[in-house]
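Reviewing the structure listed below.
The values are calculated or read from the model by the stated rules, or taken from the named source; none is laboratory data. In this text the structure is predicted, and so the values were computed from the model without any measurement. Using ideal geometry, Cβ is built from the backbone for each residue, glycine included, and neighbour counts are taken over all protein chains shown. Only protein heavy atoms, including side chains, enter the accessible area calculation; ligands, DNA and RNA are left aside. Shrake-Rupley method; radii C 1.70, N 1.55, O 1.52, S 1.80 Å.
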Amino acid sequence: MAAYSETVVDHFENPRNAGEMDSPDGEATVRNPVCGDRMQVMLRINDGRIAKLQWLTRGCPAAIATSSWTSEHVEGWTLAEAEALTREAIAEGIGGLPRDKLHCSVLAADALQGAIADYRTRTG
Ligand code: FES
């Protein structure tokens with residue numbers, strides 16, 4: 001994985017917050033149309049903030065790393081702050097991605113936004 005940053009390698013080899021969540025407050029599953037990889041995000045929300053993000057991703061090292069990085073960074077964020085997190089910010093946060101792997105950051109961003117939207121729908 002020479003083309004990946006140390007941050008990507010670290011999150012890929014030591015993924016944070018992976019796994020199922022019982023009765024999440026919001027969840028979403030997205031599939032990357034470019035490669036078919038898939039990510040599910042589950043959220044626990046307390047007082048308008050993300051208390052926990054857990055994820056299940058079937059995908060490349062960059063998809064695993066962006067899932068893990070995002071789960072660690074949005075903890076404690078307000079929903080508005082999390083909604084403002086872009087795929088570009090995620091790619092930058094993990095130390096950049098090779099050009100042909102830039103699309104991989106889309107999974108984490110879109111799954112997070114989808115899970116927040118699901119929460120907002122459930123809670124009206
Ligand atoms: Fe599929 Fe990276 S190659 S998300």
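Could you please let me know if A115 is in contact with a helix residue (DSSP H, G or I) (Cβ under 6 Å, 6 or more places away or on another chain), buried (at least 19 other Cβ atoms within 10 Å of the Cβ), in a helix (DSSP H, G or I) and not basic (K, R)? Explain how you work it out, then say what you get.
Working: in contact with a helix residue (DSSP H, G or I) (Cβ under 6 Å, 6 or more places away or on another chain): no; buried (at least 19 other Cβ atoms within 10 Å of the Cβ): yes; in a helix (DSSP H, G or I): yes; not basic (K, R): yes.
Taking the combined requirement at face value, the residue does not satisfy it.
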Per-region count, the stretch 27-45, residues open to solvent by 70 Å² or more (accessible area, probe 1.4 Å), assigned to a strand (DSSP E or B) and within 9 Å of the ligand (Cβ to nearest atom) = 1
key: Restricting the stretch 11-24 to residues that are touching a Ser or Thr at 6+ places or on another chain (Cβ under 9 Å) and either among the acidic types (D, E) or not in a loop (DSSP other than H, G, I, E, B) (or both), the residue that is surrounded by the most Cβ atoms within 10 Å (Cβ to Cβ)   = H11
request  = Looking for whichever is in contact (Cβ under 8 Å) with a residue 24 or more places away in the chain, over 23 Å from R122 (Cα atoms) and open to solvent by 20 Å² or more (accessible area, probe 1.4 Å) here; the options are G59, G48. Which one fits?
outcome  = G59
